[in-house]
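Heads up, the thing below is written out as structure tokens.
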Amino acid sequence: MKRLKRIHELLVDIYGCKSNLDDAEFLVAVLEEAAQKMGSTVVKTICHKFSPTGSTVILILAETHMSIHTWPEYKYAALDIFVCSEEIDPEVGWRIVRVALKPTSFKTSKLVRKIE
């Protein structure tokens with residue numbers, strides 16, 4: 001049986017976004033570009049637009065998932081990049097999202113999970 005060494009998860013609280021966080025198509029494009037630059041394979045894209053504002057975009061990846069949840073009224077977004085491949089660096093995806101959203105600040109948390 002092939003042994004999975006580590007699962008990497010990057011969680012980012014993103015504040016003061018200057019981009020339109022209410023534009024779901026823009027968010028889909030940003031996450032799909034981030035996944036592509038990381039070397040991930042997008043299996044499915046799910047997008048939900050909330051009323052009156054906000055969106056959730058989830059990319060199901062062959063290597064797990066990436067998601068973003070937005071609160072435009074607060075200029076805030078929550079990003080989660082979860083990968084189970086040693087060859088994929090979630091920081092690469094975060095850099096793409098960071099450039100696109102133009103935040104004034106952010107806080108990252110990294111988790112490494114092990115299957116034993």
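The values are calculated or read from the model by the stated rules, or taken from the named source; none is laboratory data. Since we're looking at a predicted model, the values are computed, not measured. Note: ideal-geometry Cβ built from the backbone for every residue, glycine included; neighbour counts use all protein chains shown.
Within region 92-110, if we keep just the residues that are among the basic types (Lys, Arg) and farther than 18 Å from GLU25 by Cα, the residue that is nearest to the chain's Cα centre (by Cα) turns out to be ARG95. Could you tell me whether any residue of region 40-53 is in a loop (DSSP other than H, G, I, E, B) and either within 11 Å of the chain's Cα centre (by Cα) or among the aromatic types (Phe, Trp, Tyr) (or both)? Yes; the residues of region 40-53 include at least one that is in a loop (DSSP other than H, G, I, E, B) and either within 11 Å of the chain's Cα centre (by Cα) or among the aromatic types (Phe, Trp, Tyr) (or both).
Each residue in region 17-59 was checked for being over 21 Å from SER85 (Cβ atoms), among the charged types (D, E, K, R) and surrounded by 14 or more Cβ atoms within 10 Å (Cβ to Cβ), and 3 of them qualify.
State all residues of region 54-65 that are among the polar types (S, T, N, Q) and either on the phi > 0 side of the Ramachandran plot or not in a strand (DSSP E or B) (or both); if no residue qualifies, say none. Please lay out each step first, then the result.
Kept after step one, since they are among the polar types (S, T, N, Q), are these residues of region 54-65: 55-56, 64.
Result: THR64, single match.
So, of the residues in region 1-39 that are in contact with a helix residue (DSSP H, G or I) (Cβ under 9 Å, 6 or more places away or on another chain) and part of a strand (DSSP E or B), which turns out to be farthest from THR104 (Cα to Cα)? Step by step, filter region 1-39, then rank; the result is HIS8.
Look at region 94-106: where a residue is in a helix (DSSP H, G or I) and a partner is exposed (fewer than 14 other Cβ atoms within 10 Å of the Cβ), sitting 6+ places away or on another chain with Cβ atoms under 6 Å, you get ILE96/LYS37.
The set of residues in region 66-93 being assigned to a loop (DSSP other than H, G, I, E, B) and of a type in the set (Ser, Thr, Tyr) consists of SER85 alone.
The residue that is surrounded by the most Cβ atoms within 10 Å (Cβ to Cβ), among those in region 75-89 that are at pLDDT 95 or above and touching a helix residue (DSSP H, G or I) at 6+ places or on another chain (Cβ under 7 Å), is ILE81.
Is at least one residue of region 28-49 touching a Pro at 6+ places or on another chain (Cβ under 8 Å) and modelled with pLDDT of 95 or more? Please lay out each step first, then the result.
In the first step, residues of region 28-49 are kept if they are touching a Pro at 6+ places or on another chain (Cβ under 8 Å); the result is 38.
Adding the requirement that they be modelled with pLDDT of 95 or more leaves 38.
Looking for residues that are touching a Pro at 6+ places or on another chain (Cβ under 8 Å) and modelled with pLDDT of 95 or more, one finds at least one in region 28-49, hence yes.
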